[in-house]
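The values are calculated or read from the model by the stated rules, or taken from the named source; none is laboratory data. The shown structure was predicted, so the numbers you read here are calculated from the model rather than taken from an experiment. Positions of Cβ are generated from backbone atoms using ideal geometry, with glycine treated the same way; all protein chains shown enter the neighbour counts.
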Amino acid sequence: MRRVALTLVVLSLLPLGCDGCDAVGEGEGEGEGEGEGEGEGEGEGEGEGEGEGEGEGEGEGEGEGEGELALLLEPAARAYYETARTLTLRITRAAPLGALEVSAPYGVDVVVESATPNSGGTALQLRVTPHTAFLGITELSVREDGAPLGALTFMVEAPQSDCYRVHVRFPELQDGPYTLAGRTWYRTHCDMQRGGFTLALRAGAGNEALFDWADSAWDELLPEGDTDDPSPTVATTARFESHFTARAREAIVLMMDDGTARFSPVVTHQDLFPSLFELLQDEEYVDTSADPAAWMNAFPFASAPTSCRRIGFNLGNDEEVRVGLIGDDNTECDSNEAFVGFGGEEGACSVGNRDGSTNRPKPGAVLVRGRDLRDLGSRTSCAAFANEGWQLSDTTTVVLNGVVATCP
């Protein structure tokens, strides 16, 4: 056995999925310790470092400490499945830093897009891109002038069940296709700009028979059509897996008007359903909080009688519609002549606007949102969800201390 002098400049690895992950280690002072051959040496003597992380020195040799070193990855040391994420790595040390590199041994590609020195260290902007089909833990290794400086645990998370959950875990992500987990994994469009709505249905034409009110397809239980293309505006028809597996309480109707995508205000049901499929199997529901004027303004090509305008799901007694607005020129509201929405009764206009004998068919889509995390189990407070990385800016149904509640 021989004695070696070690300087500890090592960073502790962090817990899985932590937010605001940081690693702290000490490299100040030379501690004397015992070492076996060329293997590990654990500093014990006079120069023990102060800090939050413990370090074990490996190998042999001597080195002078550079002062306290800290790594902080913001907003969190994780990314969504097959989705690139831009992060900031803050490296803090009193002594000047040399040329910095960041890489991973497997699972993700890392690009340093910029480096901004500051009085206490350097901030690196990273673009971290998970490899296709990779899930789980890897490590971001930091090197200074070619030599190891420290490392951080990094997590690539599995697909969520709907776009709202992706949105509240990664609020900076933009509109686009994402992989979700239903009865199988699949891709569909997530509308992040409007708060995490999931594309469920898409009509490539306004007279699409698949979405006629009376078509038997409303009772079928499998995806159909061009589900390989997750765009909400492409001119092909699709019934996505999300129609059957993405939670639904709210819906938005999209209609294409001469190349312009027009979105309805949100339509809200009082109850949460496991999916849009289940919601549309339910009875008529009127969203009394919805504003008919706002709905009509969203679709300037449309017209409807001003009397008896109602918005909701499974509406109508003459011209029926699955999701949308109906209007009636009869003040008794018992024989509506018009609808604006998705899933209309008139075969020549299953999506769009029908007013009397006038049809205005439009390609369109339905997107849904549930805002529900009850299946995650009980927590003690809303802060507990935040500590786990759920950033709930919209009212979300949860379980707190065994009781159904809402956060934030």
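Hey, does region 376-391 have a residue that's within 24 Å of HIS269 (Cβ to Cβ), loosely packed, with under 14 Cβ neighbours inside 10 Å and either in contact with a helix residue (DSSP H, G or I) (Cβ under 6 Å, 6 or more places away or on another chain) or of a type in the set (Ser, Thr, Tyr) (or both)? No, there is no match, as no residue in region 376-391 is within 24 Å of HIS269 (Cβ to Cβ), loosely packed, with under 14 Cβ neighbours inside 10 Å and either in contact with a helix residue (DSSP H, G or I) (Cβ under 6 Å, 6 or more places away or on another chain) or of a type in the set (Ser, Thr, Tyr) (or both).
Give me the residue from region 347-391 that is of a type in the set (Asp, Glu) and touching a residue at least 40 places away in the same chain (Cβ under 8 Å) and, out of that set, nearest to ARG194 (Cα to Cα).
ASP372
Of the strands (runs of 3 or more DSSP E) lying entirely inside region 338-408, those carrying at least 3 residues that are within 29 Å of SER231 (Cα to Cα) and under 23 Å from the mean Cα position of the chain (by Cα) are 364-369.
Look at region 161-182: where a residue is more than 21 Å from ALA77 (Cα to Cα) and a partner is among the small types (Gly, Ala, Ser) and assigned to a loop (DSSP other than H, G, I, E, B), sitting 6+ places away or on another chain with Cβ atoms under 6 Å, you get ASP162/ALA246; ALA181/SER161. Scanning region 262-301 for residues that are in a strand (DSSP E or B) and over 27 Å from the mean Cα position of the chain (by Cα) turns up TYR285, VAL286. A single entry from ALA79, ALA123, ALA151, ALA133 fulfils the requirement of being surrounded by fewer than 18 Cβ atoms within 10 Å (Cβ to Cβ), at pLDDT 95 or above and part of a strand (DSSP E or B): ALA123. With respect to ALA95, determine if the residue is modelled with pLDDT under 95, surrounded by 12 or more Cβ atoms within 10 Å (Cβ to Cβ), assigned by TED's automatic domain parsing to the domain that holds ALA77 and of a type in the set (A, V, I, L, M, F, W, C). Yes.
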